[in-house]
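Structure, as structure tokens:
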Amino acid sequence: MKIIDQQGHILENPDLSLGRLVPDQLLIAHHPAEPEVQEQSHTEVTKTYPNGGKDLHRVIDTAYSPAKEAWDEYEDVMRYIPYTPQELEEMQKYVPAEERIAALEAAMMELAGMLAEGQGV
């Protein structure tokens, strides 16, 4: 799964001590609505008999297609949101450094697992 910053740039190794990851979606493409298309065909003579009879074959020139509504295609990503100076100050007050390091290591391992699953590694 891609990790992007607030401007949409791809990040390889974001510093989770300075920000957090939040699930988000990126618009990949907008697919316009498609009108219904009626079937169009014609008949061809495949064989003519001496008594005037004919074998006919129906040939479809344009296949029927139902109408489709417009839709948007999205990609799931994780967006890196930097902590504000106030948030960083609050975090320093309440979480000892050793616990922060352990939490960050656990978060990085979890993120590595999520990336491996998403990329089929």
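On the given criteria, is Val77 part of a strand (DSSP E or B) and over 19 Å from Ile3 (Cα atoms)? It is false that Val77 is part of a strand (DSSP E or B) and over 19 Å from Ile3 (Cα atoms).
Apart from one condition, Val22 fits all of (1) within 30 Å of Ile101 (Cα to Cα); (2) not in a strand (DSSP E or B); the exception is (2). Got a sec? Which of Tyr74, Tyr83 is of a type in the set (Phe, Trp, Tyr), closer than 30 Å to Glu110 by Cβ and within 13 Å of the chain's Cα centre (by Cα)? On inspection, the qualifying residue turns out to be Tyr74.
Of all the criteria given as (1) part of a loop (DSSP other than H, G, I, E, B); (2) touching a residue at least 60 places away in the same chain (Cβ under 8 Å); (3) closer than 12 Å to Val77 by Cα, the one not satisfied by Ser17 is (3). Residues of segment 27-44 that are part of a strand (DSSP E or B) and either closer than 30 Å to Arg100 by Cβ or over 14 Å from the mean Cα position of the chain (by Cα) (or both): Glu34, Val37, Gln40, Ser41, His42, Thr43, Glu44. Within segment 27-48, the set of residues being closer than 19 Å to Lys68 by Cα and of a type in the set (D, E, K, R) comprises Glu34, Glu36, Glu39. The sole residue among Glu99, Glu87 that is open to solvent by 70 Å² or more (accessible area, probe 1.4 Å), more than 30 Å from Glu44 (Cβ to Cβ) and part of a helix (DSSP H, G or I) is Glu99.
For segment 102-112, filtered to residues that are open to solvent by less than 60 Å² (accessible area, probe 1.4 Å) and touching a residue at least 40 places away in the same chain (Cβ under 8 Å), the residue that is farthest from the chain's Cα centre (by Cα) is Leu104. When restricted to residues that are open to solvent by 60 Å² or more (accessible area, probe 1.4 Å), of a type in the set (A, V, I, L, M, F, W, C) and over 20 Å from Tyr83 (Cα atoms), segment 1-58 contains 6.
Look at segment 59-81 and say how many of its residues are of a type outside the set (Val, Ile, Thr), open to solvent by 60 Å² or more (accessible area, probe 1.4 Å) and touching a strand residue (DSSP E or B) at 6+ places or on another chain (Cβ under 7 Å). Give the steps one after another, and end with the answer.
Step one: of segment 59-81, the residues of a type outside the set (Val, Ile, Thr) are 61, 63-76, 78-80.
Narrowing the set further to residues that are open to solvent by 60 Å² or more (accessible area, probe 1.4 Å) leaves 61, 63-64, 66-69, 71-74, 76.
Now narrow it down to the ones that are touching a strand residue (DSSP E or B) at 6+ places or on another chain (Cβ under 7 Å): 61, 64, 67-68, 71-74, 76.
Qualifying residue count for the region: 9.
The values are calculated or read from the model by the stated rules, or taken from the named source; none is laboratory data. Note that the coordinates shown come from a computational prediction; the quantities given were computed from them, not determined experimentally. Note that each Cβ is placed from the backbone with ideal geometry, even for glycine, and that neighbours are counted across all protein chains shown. Just the protein is used for accessible areas: all its heavy atoms, side chains included, with ligands, DNA and RNA removed. Shrake-Rupley method; radii C 1.70, N 1.55, O 1.52, S 1.80 Å.
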